[in-house]
Amino acid sequence: MLAGRRILLIIGGGIAGYKSLDLIRKLKEQGASVVPVLTRGGEEFVTPLSAAALAGHKVYRDLFDLTDEAEMGHIELSRSADLIVVAPATADLMAKMASGLANDLASTLLLATDKRVLVAPAMNVRMWQHPATQRNVALLGDDGVLFVGPDSGSMACGEFGPGRMAEPLAIVAAVEAALANGPMRGRRVLVTSGPTHEPIDPVRYIANRSSGAQGAAIASALVALGAEVVFVTGPAEAPMPLGVELVRIETAQQMANAVAAALPVDAAVFAAAVADWRVASASGSKIKKQAGGALPVLEFAENPDILATVAQMQSGRPRLVVGFAAETDDVIANATAKRKRKQCDWILANDVNPATGIMGGSENAVTLISQDGADSWPRMGKDAVAAKLAAKIAEALK
Ligand code: C5P
């Protein structure tokens, strides 16, 4: 239910605009009040009169409408809402949002707001897939903008693929999720993820096979519960989670610095596969092949143990510190010993024996080790592991 919630609905220019009229009805059926804003392009597809009639509210169209500036300025209009929804969001409107342009009413409201923004993109397949649009989607995600859709299917332009605006019911569900008073609202959580790269010289590095998929899934699950998430990630293959404060690093030392800078937090989840060692004297220039066949010798130095450092903080320690243990044998015994050694609250142990296919795969089989013992979860998707862990974290921080 959305009783009493105020939605500012920006309708961009696209044929999907006809669905926005249905969206207004469905939001109102849930008890929300809807204030429509039409872009110039939006007006080509939806008449101000029909939007106003369905919303039961004046439609805003022009930045320089002086009556409205006297009555309600654009700053106030953008902040009096609980959520801003952009549906349909055109490629042009998303590009404006991503680069901070404010040259009409819709883009000015989007720049001036201090509320969350939910975007329902709708455009031709090629436009959606264009690197420029994908770059803008990633930038907006980094800024905490939420997305619903686009769906795949046949399009008004005759092509087939992703680009259709999400159905009104799916948008209503996304609005409800965005406005839900999640159990983690007001909590700040740090998640480390991905591998680290330890340079040998400017072109070579030592790395590991972590995809970053489990860490990204945990961050998304925490965001869905309303947490503010700082996501410190090495160079990972998995897509970045949306709605997080993203900090990209390469080396373990950089990760340690980024973690220190992110504190204080209520909880910290260390899902990164941090390299235990770095090359002690990484060369500042590319190491050349020796004519006589002499091989370079690498000396290693130990990296800081980030998890142990945070778990053993004397003051300002997060209330809950969660580590991972990737083991190939004696999983529970080794992970239990690791929890004691590092002094973290929980360890999620997983069997990364190549036979399990877990490393780099989409599933995980974990055992949660705490002071109460070992709790083995059935094998499930990494998203499901993340949702279960996020729910447990919410419970522990109550
Ligand atoms: O000691 P081990 O690498 O097996 O421990 C794994 C756990 O410790 C993971 O949670 C990992 O993120 C964390 N870790 C860390 N800093 C390191 C090494 C591991 O935070 N240098």
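In a fully extended conformation the segment linking residue 355 and residue 283 would gain 22.2 nm over its present Cα-Cα distance, using 0.36 nm per residue. Sorting 247, 85, 203 by solvent-accessible area of protein heavy atoms yields 203, 247, 85, largest first, with a 1.4 Å probe. Per-residue surface analysis assigns residue 38 an accessible area of about 0 Å², computed on protein heavy atoms at 1.4 Å probe radius. For the range 288-304, the Karplus equation 6.51 cos²θ - 1.76 cosθ + 1.60, evaluated at θ = phi - 60°, returns couplings of 8, 5, 7, 4, x, x, 5, 8, x, 10, 9, 9, 10, 10, 7, 7, x Hz by residue, with Gly and Pro reported as x. In this simple spin-label model, placing a label point 7 Å from the Cα along the Cα-to-Cβ direction at both residue 143 and residue 319 gives a separation of 3.3 nm. Ranked by solvent-accessible area (1.4 Å probe, protein heavy atoms only, all chains present), the residues 327, 176 order from largest to smallest as 176, 327.
Among beta bridges from DSSP that stay inside the chain, the antiparallel ones total about 30%.
Relative contact order for the range 188-396: 21 percent, from Cα pairs under 8 Å spaced at least 6 residues apart, divided by residue count. So if R0 is 41 Å, what FRET efficiency would residue 99 and residue 330 give, r being the distance between their Cβ atoms, rounded to the nearest 0.05? Using R0 = 41 Å, I get an efficiency of 0.15.
Mean-square fluctuations from a GNM of the chain, with a 10 angstrom spring cutoff on Cα atoms, peak among 113, 233, 356 at 356.
If you take the charge dipole of the chain about its Cα centre, with +1 on Lys and Arg Cβ and -1 on Asp and Glu Cβ, which of 368, 77, 295 is farthest toward its positive end? Farthest along the dipole direction, towards plus: 295.
Can you pick out the pairs among 26/115; 115/392; 115/382; 26/388; 28/58 whose Cα atoms lie more than 23 Å from each other? Before the final figure, lay out each step's value.
On the way: 26/115 21 Å; 115/392 28 Å; 115/382 30 Å; 26/388 31 Å; 28/58 15 Å.
From the list (26/115; 115/392; 115/382; 26/388; 28/58), the Cα-Cα distance tops 23 Å for 115/392; 115/382; 26/388.
Per-residue accessible area (protein heavy atoms, 1.4 Å probe) orders 157, 344 as 157, 344, starting from the largest. Placing +1 on the Cβ of each Lys and Arg and -1 on the Cβ of each Asp and Glu in the range 6-178, which of 9, 33, 163 has its Cα farthest towards the positive end of the resulting dipole? Final value for the positive-end residue is 163. Of the trypsin sites (Lys or Arg not before Pro) found in the range 168-239, those that fall in a DSSP loop while having at most 12 other beta-carbon atoms within 10 Å are 185, 209. Here the Kirkwood formula puts the hydrodynamic radius of the range 188-396 at 17.7 Å, using every distinct Cα pair. Here the accessible area is traced with a 1.4 Å probe on the protein chains. For the chain, carbon and sulfur cover 53 percent of it.
Distance between the pseudo-spin-label points of residue 116 and residue 209 (7 Å out from Cα toward the beta carbon): 3.7 nm. For the range 243-287, the Kirkwood radius over C-alpha pairs fed into Stokes-Einstein at 4 °C and 1.567 mPa s yields D = 101 µm² per second. Just how far, in whole angstrom, is the range 147-206 from the range 272-325 if you go by their alpha carbon centroids? Each part's Cα centre sits 31 Å from the other's.
For the range 34-172, the fraction of C-alpha pairs farther apart than 22 angstrom is 38 percent.
Solvent-free Debye calculation, one equal scatterer per alpha-carbon of the chain: log10 I(q)/I(0) at 0.06, 0.09, 0.14 Å⁻¹ equals -0.31, -0.64, -1.17.
The values are calculated or read from the model by the stated rules, or taken from the named source; none is laboratory data. Remember, it's a predicted structure, so these values are computed and weren't measured experimentally. Heads up, the Cβs are rebuilt from the backbone with ideal geometry, glycines too, and the neighbour counts pull from every protein chain shown. The protein model used for the area step is the full one, side chains on, heavy atoms only, and it has no ligands, DNA or RNA in it. Shrake-Rupley method; radii C 1.70, N 1.55, O 1.52, S 1.80 Å.
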